[in-house]
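Worksheet: one structure, shown below.
The values are calculated or read from the model by the stated rules, or taken from the named source; none is laboratory data. Since we're looking at a predicted model, the values are computed, not measured. Positions of Cβ are backbone-derived with ideal geometry, glycine not excepted, and every protein chain shown enters the neighbour counts.
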Amino acid sequence: MQLRVVLRTPGGETVTRDVRDGLWAGPRETIPDQVLGADMWALPGLVDAHAHLAGDRMDLAPGDRQGAERRARAALEAGVGLLLDKGWSDSTVVHLIDEMSLQDRPDIEAAGGMYAVAGGYSPGFTRYVVPGGMAESVRQASIEGRGWVKLIGDWPRKGLGPVPNFSGDELATAVEVASGLGARVAIHTMAREVPSVAVKAGVHSIEHGLFLTSDDLEVLGARAGIWVPTVVQVETLIGMLGAESSGGRLLREGLKNMASMFSMAVEAGVHVLAGTDLAVGSHQVALEGVRLWEMGMAPRAVVDAVGASGFRATGRPDAFEVGTSANVVMFSEDPIRDPRVLSHPKVVMRMGRILT
């Protein structure tokens, strides 16, 4: 059967492609058997840029391989075409990438185990970087992972609030070693000073980054770096801690700072991406986009944050190029007019196979 797909991009142009052997191809002159998408809007896929497929709640248990596969399938069926998994206590997601058919899951890049220092995260969940051992730890993490190294940049200590785990020199070493092995470094940070230190050190992706500054964004944007605010997760943590607790007040201040930075970040060239981080499942990543919109991000930037920007940030084509996999998620309305439509895809196609 010859399938022809009309790809009308949100607020943009319309292109027509045929599907041949699971790839996009130029349309033939012959009349196709089926035409899809003429009355819909198309994205190459949604992106969850801060996923944790190995678990579905913040209990920090060992990875659940069957659950990870189930969550990956659910994400794909919701239109997610790319997941950036930011690590766990083990290599559950790395094994999933190696063992699960690409046709049955999104594209996945992943960190393996996460790295902190003794006392710098929930006990027993991360690997520890010993003094002077950053280069070796990152070398191991780069080899273990599938494109990413995850560092816990700061963690609250009783009576002190979030305390940095690493120096700027250590972070610079991490970036140098990971880059030399073809990996990128992502850093968890909710402390005031750590985002600036991480950006200066060259860290590729800032996770949460509540206290990024305008100067940080200029530097990060100049190298097309990534910022994943995880607004829904931060709000979830506020609910857990209590809005008037010391931690809750810090996070609320950070949310206010982030909201003031979204437009500036996009203008500076930062890839601002949506991420779930266990607040909701990856299949609900569109909810993060809606919160970004409600906090003042422009609708076009929101659609980019949940979609094409993640593909560009990881070096993938984002515009249905001929010869690439025939992947698409389609909506009945233009999501730029109303980003809430991102939660309700009408058609999902993976490698030429229509899933919904």
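Before moving on, here are some points about what is shown:
- Any strands (runs of 3 or more DSSP E) falling wholly within segment 179-283 and containing at least 1 residues that are touching a helix residue (DSSP H, G or I) at 6+ places or on another chain (Cβ under 9 Å) and surrounded by fewer than 24 Cβ atoms within 10 Å (Cβ to Cβ): 184-189
- Residue within segment 15-33 that is among the polar types (S, T, N, Q), modelled with pLDDT under 95 and either crowded, with 24+ Cβ neighbours inside 10 Å or over 30 Å from residue 225 (Cβ atoms) (or both) present: yes
- Residue selection: residue 152 fails the criterion of being buried (at least 24 other Cβ atoms within 10 Å of the Cβ), assigned by TED's automatic domain parsing to the domain that holds residue 273 and of a type outside the set (Gly, Ala, Ser).
- In summary, residue 127 fulfils each of the numbered conditions (1) in contact with a strand residue (DSSP E or B) (Cβ under 7 Å, 6 or more places away or on another chain); (2) closer than 30 Å to residue 344 by Cβ; (3) among the charged types (D, E, K, R) with the single exception of condition (2).
- Close pairs (6 angstrom Cβ cut-off, 6 or more residues apart or separate chains): closer than 17 Å to residue 303 by Cα in segment 254-265, in a helix (DSSP H, G or I) and of a type outside the set (D, E, K, R) anywhere: 264/214; 264/217; 265/217
- Residues being of a type in the set (Asp, Glu) and either surrounded by fewer than 24 Cβ atoms within 10 Å (Cβ to Cβ) or modelled with pLDDT under 95 (or both) - total across segment 34-54: 1
- The listed residues are 28, 65, 20, 8, and the only one of them that is farther than 18 Å from residue 350 by Cα and not assigned by TED's automatic domain parsing to the domain that holds residue 299 turns out to be 28.
- Wholly within segment 285-350, helices (runs of 4 or more DSSP H) carrying at least 3 residues that are at pLDDT 95 or above, small (Gly, Ala, Ser) and crowded, with 18+ Cβ neighbours inside 10 Å: 308-313
- Boolean, residue 122 is more than 24 Å from residue 317 (Cα to Cα), polar (S, T, N, Q) and either assigned to a loop (DSSP other than H, G, I, E, B) or free of Cβ contacts under 8 Å to residues at least 12 places away in the same chain (or both): yes
- Selection from segment 69-102 of residues that are crowded, with 23+ Cβ neighbours inside 10 Å and among the small types (Gly, Ala, Ser): 72, 75, 78, 79, 81, 87
- As a summary of the residue check, residue 103 satisfies the conditions (1) farther than 27 Å from residue 231 by Cβ; (2) part of a loop (DSSP other than H, G, I, E, B) except for the one numbered (2).
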